[in-house]
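The values are calculated or read from the model by the stated rules, or taken from the named source; none is laboratory data. A quick note: this is a predicted structure, and the numbers were derived from the prediction, not measured. No Cβ is skipped: glycine too gets one built from the backbone with ideal geometry, and neighbour counts run over all protein chains shown. Ligands, DNA and RNA are excluded from the accessible area calculation, which covers all protein heavy atoms including side chains. Shrake-Rupley method; radii C 1.70, N 1.55, O 1.52, S 1.80 Å.
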Amino acid sequence: MTPITLKNLRQWKLEGKKFASLTAYDYSFARLFAEQDIPVLLVGDSLGMTMQGHDSTVPVTVDDMVYHTRHVRRGAPNVLLLTDLPFMSYPTLEQAGHNAARVMQAGANMVKIEGGAWLADTIRYLTERAVPVCGHIGLTPQSVNIFGGYQVQGKTEAQAEQLLNDALTLEAAGMQLLVLECVPISLAKRITEALSIPVIGIGAGAHTDGQILVMQDVIGITSGYVPKFAKNFLADTGSIALAVAQYQRHVQDGTFPELAHSFKG
Ligand code: KIV
């Protein structure tokens, strides 16, 4: 794989070429995903649940993110690598700068932060200091204790307008990529069309520029509750490599996600 950059993602958006991405937390899976030409990997703070067994992402620390980012980078030297800044690691500009530097020096190409228009100053601050930022709006799991659970966001017209406004404000502040989680398919389409930067969806329907899934969901080792937007690609393929290849193919040809994996407004 030749090194993937944000330039590639922007070009794919212009060409209408869909791309698949996955979370990764260790060397072996990162290498397997890179061998299947998955261009974008995320060291997600979902590792608090998938790797550590917590019931939310809240306990995850910057040390955890640095540790996993180092190992994923070794397995996948050429992917565009995003790393989450975890819960309360960016409440001030200085803390955001300090913690972003730590994950970038561990191997990330970009940091991801969760929240709306109130993050505009943080995005401007990081971008001016050479840290590219991916935003994350809709269902933002770090806010689970504010939401009181993991519910679909943006269902009313007022909430939809708010999310669209958040996306536009963050793009104007310098955000270069956006993750949109668990919003109605029509809203995801509106936001994807309104932004010139690439938008990656999870539980946001088929109209976003890219898709992301938590790797455990793709290979069917999610414990307990399986989200509506997840699909076990291993069930039909019989090997992890083939499951990942099929996920990638189905995203590229628009057959994943189906309506059954999406939410209505
Ligand atoms: O932490 C994570 O894995 C994420 C994805 C669900 C997008 O943020």
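Quick notes on this structure:
Yes/no per residue for (1) surrounded by 22 or more Cβ atoms within 10 Å (Cβ to Cβ); (2) within 16 Å of the ligand (Cβ to nearest atom); (3) in a helix (DSSP H, G or I):
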position	(1), (2), (3)
V152	no, yes, no
A160	no, no, yes
M175	yes, yes, no
S186	no, no, yes
K189	no, no, yes
I200	yes, yes, no
A206	no, no, no
I212	yes, yes, no
G220	no, no, no
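- Check on I219, in contact with a Ser or Thr (Cβ under 9 Å, 6 or more places away or on another chain) and at pLDDT 95 or above: no
- Filtered residues of the stretch 89-114 (kept if without any contact (Cβ under 8 Å) to a residue 60 or more places away in the chain, part of a loop (DSSP other than H, G, I, E, B) and crowded, with 17+ Cβ neighbours inside 10 Å): S89, Y90, A106, G107
- Test for S46: is it in contact (Cβ under 8 Å) with a residue 60 or more places away in the chain and hydroxyl-bearing (S, T, Y): yes
- Restricting the stretch 117-139 to residues that are part of a loop (DSSP other than H, G, I, E, B) and open to solvent by 10 Å² or more (accessible area, probe 1.4 Å), the residue that is farthest from P3 (Cα to Cα) is R129.
- Per-region count, the stretch 22-41, residues more than 14 Å from Q216 (Cα to Cα) and of a type in the set (D, E): 2
- The lone exception for L80 - which of (1) at positive phi; (2) touching a Pro at 6+ places or on another chain (Cβ under 9 Å) it fails: (1)
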